Amino acid sequence: MTEGADIVIEPLEGVSDEDLEDLCDAAESAILNGGGFGWLRPPPRAVFGRYFRGVMLVPERHLFVARLNGRIAAAIQLQEPPRNNEAQAHMATLTTLFVAPWARGHNISAQLATAVEKRATDLGYLILQLDVRATQTAAIHLYEETLGFTRWGTNPNYAFVDGEMVAGHYFTKQLRPLPRKRRDKKDKPRDRK
């Protein structure tokens, strides 16, 4: 289905009024189709606009978009850990992926996630993590089967949707070899002579 489609995946460094309209349109249609990134109903357009402009201001957030035939049709973010979190400074988060329903079927989700994974690797991260509602089966298949993420846990009360609790799954992917644990002298194995 991608034949004849012009798809461009790119980091968005600034947001023009036209790009902002496309982002809001794509996000709104994704939310209405059940693929929102936290929102259950689209917020007013002004809230959307402030949200996306705000993302652009946060140094630890990297917004990537997919343009289909020139229009923004999807987006994803790479979230770096806050600077004060030294214990988890090795791990970044893939978050807020959405694809407008009219742009589905072009492998855009996988291309966006791969772009985020590459940026995380280039920035030196060892681990990429994400979480997703259990009801988003296409996303779960993408992460587990296509992209090689490992599901490590489930929260049965992850989200509250339409008056009911919905489970959510947590995933991780190792991007580079992990550093070897340094052993203290007292941790050395003893010779067994």
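The values are calculated or read from the model by the stated rules, or taken from the named source; none is laboratory data. Because the structure is predicted, anything quoted here is derived from the model rather than measured. Here the Cβ positions follow ideal geometry from the backbone for every residue, glycine too, while neighbour counts run over all protein chains shown. Surface areas here come from the heavy atoms of the whole protein model, side chains and all, with no ligands, DNA or RNA. Shrake-Rupley method; radii C 1.70, N 1.55, O 1.52, S 1.80 Å.
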- request: Evaluate the following for ARG133: is it of a type outside the set (Phe, Trp, Tyr), buried (at least 17 other Cβ atoms within 10 Å of the Cβ), within 23 Å of HIS62 (Cα to Cα) and free of Cβ contacts under 8 Å to residues at least 12 places away in the same chain?
  value: no
field: Filter result for the condition that a residue is out of contact with any Ser or Thr (no Cβ under 6 Å at 6 or more places or on another chain), without any contact (Cβ under 8 Å) to a residue 60 or more places away in the chain, under 29 Å from ARG41 (Cα atoms) and surrounded by 16 or more Cβ atoms within 10 Å (Cβ to Cβ), over GLU144, GLU80
entry: GLU80
field: In the range 103-129, residue farthest from PRO81 (Cα to Cα) [restricted to those that are in contact (Cβ under 8 Å) with a residue 60 or more places away in the chain and either of a type in the set (Lys, Arg) or surrounded by fewer than 14 Cβ atoms within 10 Å (Cβ to Cβ) (or both)]
entry: GLY105
- prompt: Can you tell me which residue in the range 1-58 is most open to solvent (accessible area, probe 1.4 Å), limited to those that are among the basic types (Lys, Arg) and farther than 27 Å from MET165 by Cβ?
  reply: ARG50
task: Could you please find all residues in the range 137-163 being of a type in the set (Asp, Glu) and modelled with pLDDT under 95?
output: ASP162
message: So GLY35 passes all but one of these: (1) small (Gly, Ala, Ser); (2) part of a loop (DSSP other than H, G, I, E, B); (3) farther than 21 Å from ALA103 by Cα. Which condition number does it fail?
response: (3)
message: Which condition from (1) touching a helix residue (DSSP H, G or I) at 6+ places or on another chain (Cβ under 9 Å); (2) over 25 Å from ALA120 (Cα atoms) is the one that ASP25 breaks?
response: (1)
field: Qualifying residue in the range 59-70 (condition: without any contact (Cβ under 8 Å) to a residue 24 or more places away in the chain and either open to solvent by less than 30 Å² (accessible area, probe 1.4 Å) or under 25 Å from ARG133 (Cα atoms) (or both))
entry: yes
- line: Considering the range 87-129, residues that are among the polar types (S, T, N, Q) and in a strand (DSSP E or B), and then whichever is farthest from ARG151 (Cα to Cα), we arrive at THR96
query: Which members of the range 150-185 meet the condition of being touching a residue at least 40 places away in the same chain (Cβ under 8 Å) and outside any loop (DSSP other than H, G, I, E, B)?
result: VAL161, TYR170, PHE171, THR172, LYS173, GLN174
